[in-house]
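Worksheet for the structure shown next.
The values are calculated or read from the model by the stated rules, or taken from the named source; none is laboratory data. Worth saying up front: this structure is predicted, and the values here are computed from it rather than measured. Every residue, glycine as well, gets a Cβ built from its backbone with ideal geometry; the counts of neighbours run over all protein chains shown. For accessibility, only protein heavy atoms count, side chains too; no ligands or nucleic acids. Shrake-Rupley method; radii C 1.70, N 1.55, O 1.52, S 1.80 Å.
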Amino acid sequence: MATETVLATAVSNGVGKACCKSGPGYATPLAAMSGPPEKLIYVTALYSGTGREQPDYLATVDVDPNSPTYSSVIHRLKMPYIGDELHHTGWNSCSSCHGDPSASRRYLVLPGLISGRIYAIDTMTDPKAPSLYKVVEPKEISEKTGLAFPHTSHCLASGDMLVSCLGDNEGNAEGNGFLLLDSDFNVKSRWDKPGHAPKFGYDFWYQPRFKTMISTSWGAPKAFSKGFDLQHVADGLYGSHLHIYKWPEGEMKQVIDLGDTGLLPLEIRFLHDPSKDTGYVGSALSSNMIRFFRNSDDTWSHEVVISVEPLKVENWILPEMPGLITDFLISLDDRFFYFVNWLHGDIRQYNIEDPKNPVLTGQVWVGGLLQKGSPVKGVREDGTTYQFDVPQIKGKSLRAGPQMIQLSLDGKRLYATNSLFSAWDRQFYPEVMDKGSHIIQIDVDTEKGGLAINPDFFVDFGVEPDGPALAHEMRYPGGDCTSDIWI
């Protein structure tokens, strides 16, 4: 640990290199935990789908409690176009490049899910006020690869960047696959070999020590972009598969059908320790946490380790409401994972020191359709009804449900936004269209377990200069537990 501590303290809060001529990030996940506390968060903020004819933007949020602008947006980088639907973000370089002293974590990779553009954002010149470096146009991507609807990006140790794309120009899932960009954001090619495209696209994570990449499944863009229709699930427009690829060759070697226990498997994470051949995926619609693991014959299997039971409700579109697990993450020491139930409204913490048997150690209600004041009520077995207490923060009521989350490197602070995707926000939580999103902070007990709302932190995107905006994914300048991969 002594060496890890030296490496951790040698790396700046995010953009500099270590003094010992290493590359970006940290040598190990445990070294990252000893890194400096976060002072800034970059957040994708949207007007797409809200009816406001304004470009989406990247918000810089001050999260330094010693700063006079703490808990506020201090900079807005507007995109040059309207209608991008900024969604997920990644880095041009991360801890997978730590051994390369020529690499630097300079550019945030910012895909527009609907427009198909990919923006390269310079965060090094002025970390508090990022600037636009380059735009990769959708026409070029489509002409060279046939891909559209870019979603998740991860940097590679080679210096290239890999981006999952969820369909073709017409929104068909059959056209999905993986886009390879070089270190200056030039389109190189598809990564997946001909005939090896996944059934559906969404998230992915790679694990070089086991020569494996695994990707997940959302649905066909022509379906999900219009809002959620349960009939589209029956029509085969949404996925339930994990795609196991040979890394780095891009050849699919196995497909795991999760069936009804794994409808809409979205976020996927390996354990951070690169010697571990297991991880988890969150199934949104089935509301299950699923563990995947490698077998002795180098095939992969899965098992459901947590099931969030649907709640009987009244005054809603269905008699039962799923939790809808839309995001989760794993602490850098692989001791805990955290997930959200976007519809129910709670955030949960589980101890995963025994990966096969997660233990609930914390739960907090921070919104959802069942909070007091909502027309929707839960129904008990005896027919009585109930709702959940959701406290105000700084005099403001919490809107929608917890959606994207991000954890501090030391694991003690969890941040949460509440926008999923504009068409789905409008469908399930129409009030956020008028009142906007927010970011909240949850204090985490990393010793015994436990979650508590921080009453002093509330970033209100309902009071933005151009009107209420939707806030989605968050990134620290120095990397985090959902962007960095160790090899």
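For residues that are open to solvent by 30 Å² or more (accessible area, probe 1.4 Å) and outside any loop (DSSP other than H, G, I, E, B), tally how many sit in segment 438-459.
Number of matching residues: 5.
Right, I74: of a type in the set (A, V, I, L, M, F, W, C) and either modelled with pLDDT under 95 or assigned to a loop (DSSP other than H, G, I, E, B) (or both) or not?
no
If a residue has to be in contact with a Pro (Cβ under 6 Å, 6 or more places away or on another chain), touching a residue at least 24 places away in the same chain (Cβ under 8 Å) and surrounded by fewer than 17 Cβ atoms within 10 Å (Cβ to Cβ) to count, how many in segment 306-328 make the cut?
Within segment 306-328, residues that are in contact with a Pro (Cβ under 6 Å, 6 or more places away or on another chain), touching a residue at least 24 places away in the same chain (Cβ under 8 Å) and surrounded by fewer than 17 Cβ atoms within 10 Å (Cβ to Cβ) number 1.
Taking into account only those residues within segment 275-286 that are assigned to a loop (DSSP other than H, G, I, E, B) and surrounded by fewer than 24 Cβ atoms within 10 Å (Cβ to Cβ), which is farthest from the chain's Cα centre (by Cα)?
The qualifying residue farthest from the chain's Cα centre (by Cα) is S275.
Name the pairs whose Cβ atoms lie under 7 Å apart, with the first residue in segment 172-184 and assigned to a loop (DSSP other than H, G, I, E, B), the second open to solvent by 10 Å² or more (accessible area, probe 1.4 Å) and hydrophobic (A, V, I, L, M, F, W, C), and 6 or more positions between them or separate chains?
Once the first residue is assigned to a loop (DSSP other than H, G, I, E, B) and sits in segment 172-184, its partners that are open to solvent by 10 Å² or more (accessible area, probe 1.4 Å) and hydrophobic (A, V, I, L, M, F, W, C) give N176/A197; N176/F200.
Which members of segment 366-380 meet the condition of being in a strand (DSSP E or B) and either open to solvent by 60 Å² or more (accessible area, probe 1.4 Å) or over 23 Å from F339 (Cα atoms) (or both)? Please lay out each step first, then the result.
Applying the first criterion (in a strand (DSSP E or B)) to segment 366-380 yields 371, 377-379.
Within segment 366-380, K377, V379 meet the criteria.
Got a sec? Which of G383, G467, G478, G462 is more than 22 Å from F339 (Cα to Cα), in a loop (DSSP other than H, G, I, E, B) and in contact with a Lys or Arg (Cβ under 6 Å, 6 or more places away or on another chain)?
Values: G383 fails: in contact with a Lys or Arg (Cβ under 6 Å, 6 or more places away or on another chain); G478 fails: in contact with a Lys or Arg (Cβ under 6 Å, 6 or more places away or on another chain); G462 fails: in a loop (DSSP other than H, G, I, E, B).
Checking each option against the conditions leaves just G467.
Name the residue that is farthest from the chain's Cα centre (by Cα), counting only residues in segment 98-113 that are more than 25 Å from I82 (Cα to Cα) and of a type in the set (G, A, S).
This residue is S102.
Say we look at segment 117-138 and pick out the residues that are of a type in the set (A, V, I, L, M, F, W, C) and open to solvent by 50 Å² or more (accessible area, probe 1.4 Å); which of these is nearest to W424 (Cα to Cα)?
L132
Please identify the pairs in which a residue from segment 430-459 that is in contact (Cβ under 8 Å) with a residue 60 or more places away in the chain has its Cβ atom under 7 Å from the Cβ atom of a residue that is open to solvent by 10 Å² or more (accessible area, probe 1.4 Å) and in a helix (DSSP H, G or I), counting only partners at least 6 apart or on another chain.
M433/R426
Residues that are more than 19 Å from the chain's Cα centre (by Cα), of a type in the set (G, A, S) and within 23 Å of P310 (Cα to Cα): does segment 416-437 have at least one?
Checked against the condition, which is being more than 19 Å from the chain's Cα centre (by Cα), of a type in the set (G, A, S) and within 23 Å of P310 (Cα to Cα), segment 416-437 yields no hits at all.
Take the residues of segment 77-101 that are open to solvent by 10 Å² or more (accessible area, probe 1.4 Å) and assigned to a strand (DSSP E or B): which is nearest to A31 (Cα to Cα)?
Going through the qualifying residues, I end up with L77.
If I go through segment 1-49 residue by residue, how many of them are open to solvent by 20 Å² or more (accessible area, probe 1.4 Å) and at pLDDT below 50?
Total satisfying the criteria: 16.
Can you name the condition, by its number, that Q403 falls short on among (1) at pLDDT 95 or above; (2) part of a loop (DSSP other than H, G, I, E, B); (3) surrounded by fewer than 24 Cβ atoms within 10 Å (Cβ to Cβ); (4) not hydrophobic (A, V, I, L, M, F, W, C)?
Evaluating Q403 over (1) at pLDDT 95 or above; (2) part of a loop (DSSP other than H, G, I, E, B); (3) surrounded by fewer than 24 Cβ atoms within 10 Å (Cβ to Cβ); (4) not hydrophobic (A, V, I, L, M, F, W, C) leaves (3) as the failure.
Residues checked against (1) surrounded by 22 or more Cβ atoms within 10 Å (Cβ to Cβ); (2) over 26 Å from P274 (Cβ atoms); (3) at pLDDT 95 or above:
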site	(1), (2), (3)
N176	yes, yes, yes
L181	yes, no, yes
F200	yes, yes, yes
F210	no, no, yes
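Those residues that are open to solvent by 10 Å² or more (accessible area, probe 1.4 Å), in contact with a strand residue (DSSP E or B) (Cβ under 8 Å, 6 or more places away or on another chain) and within 18 Å of H75 (Cβ to Cβ), I need them from segment 460-472; list them, please.
From segment 460-472, those open to solvent by 10 Å² or more (accessible area, probe 1.4 Å) are 460, 462-468; that's our starting set.
Now narrow it down to the ones that are in contact with a strand residue (DSSP E or B) (Cβ under 8 Å, 6 or more places away or on another chain): 460, 462, 464-465.
D460, E464, P465, listed by residue number.
Looking at W486 and the list (1) open to solvent by 10 Å² or more (accessible area, probe 1.4 Å); (2) within 19 Å of Q363 (Cα to Cα); (3) part of a loop (DSSP other than H, G, I, E, B), which single condition is not satisfied?
(2)
Checking I114 against (1) part of a loop (DSSP other than H, G, I, E, B); (2) open to solvent by less than 30 Å² (accessible area, probe 1.4 Å); (3) β-branched (V, I, T): exactly one of these is not met. Which one?
(2)
How many residues does segment 382-396 hold that are free of Cβ contacts under 8 Å to residues at least 24 places away in the same chain, surrounded by 11 or more Cβ atoms within 10 Å (Cβ to Cβ) and closer than 21 Å to S72 by Cβ?
Filtering segment 382-396 for residues free of Cβ contacts under 8 Å to residues at least 24 places away in the same chain gives 382-384, 386-387, 392, 395.
With the extra rule that they be surrounded by 11 or more Cβ atoms within 10 Å (Cβ to Cβ), the set shrinks to 386-387, 392.
Checking which are closer than 21 Å to S72 by Cβ leaves us with 392.
Going through segment 382-396 one residue at a time, the tally reaches 1.
Only one of these is touching a Gly at 6+ places or on another chain (Cβ under 7 Å) and closer than 30 Å to W247 by Cβ: N295, N341, N357, N288. Name it.
Sole residue among the options that is touching a Gly at 6+ places or on another chain (Cβ under 7 Å) and closer than 30 Å to W247 by Cβ: N288.
Go through segment 253-270 residue by residue and tally those that are touching a residue at least 24 places away in the same chain (Cβ under 8 Å) and either surrounded by fewer than 19 Cβ atoms within 10 Å (Cβ to Cβ) or not hydrophobic (A, V, I, L, M, F, W, C) (or both).
So in segment 253-270, the residues touching a residue at least 24 places away in the same chain (Cβ under 8 Å) come out as 254-256, 258, 260-270.
Cutting the leftovers down to either surrounded by fewer than 19 Cβ atoms within 10 Å (Cβ to Cβ) or not hydrophobic (A, V, I, L, M, F, W, C) (or both) gives us 254-255, 260-262, 265, 267, 269.
Residues flagged as touching a residue at least 24 places away in the same chain (Cβ under 8 Å) and either surrounded by fewer than 19 Cβ atoms within 10 Å (Cβ to Cβ) or not hydrophobic (A, V, I, L, M, F, W, C) (or both) within segment 253-270 amount to 8.
In the set R348, R291, which member is under 30 Å from A197 (Cβ atoms), part of a strand (DSSP E or B) and within 19 Å of the chain's Cα centre (by Cα)?
Every option except R291 fails the conditions.
How about segment 55-74: which of its residues are closer than 14 Å to V463 by Cα and more than 22 Å from the chain's Cα centre (by Cα)?
Selection gives I74 alone.
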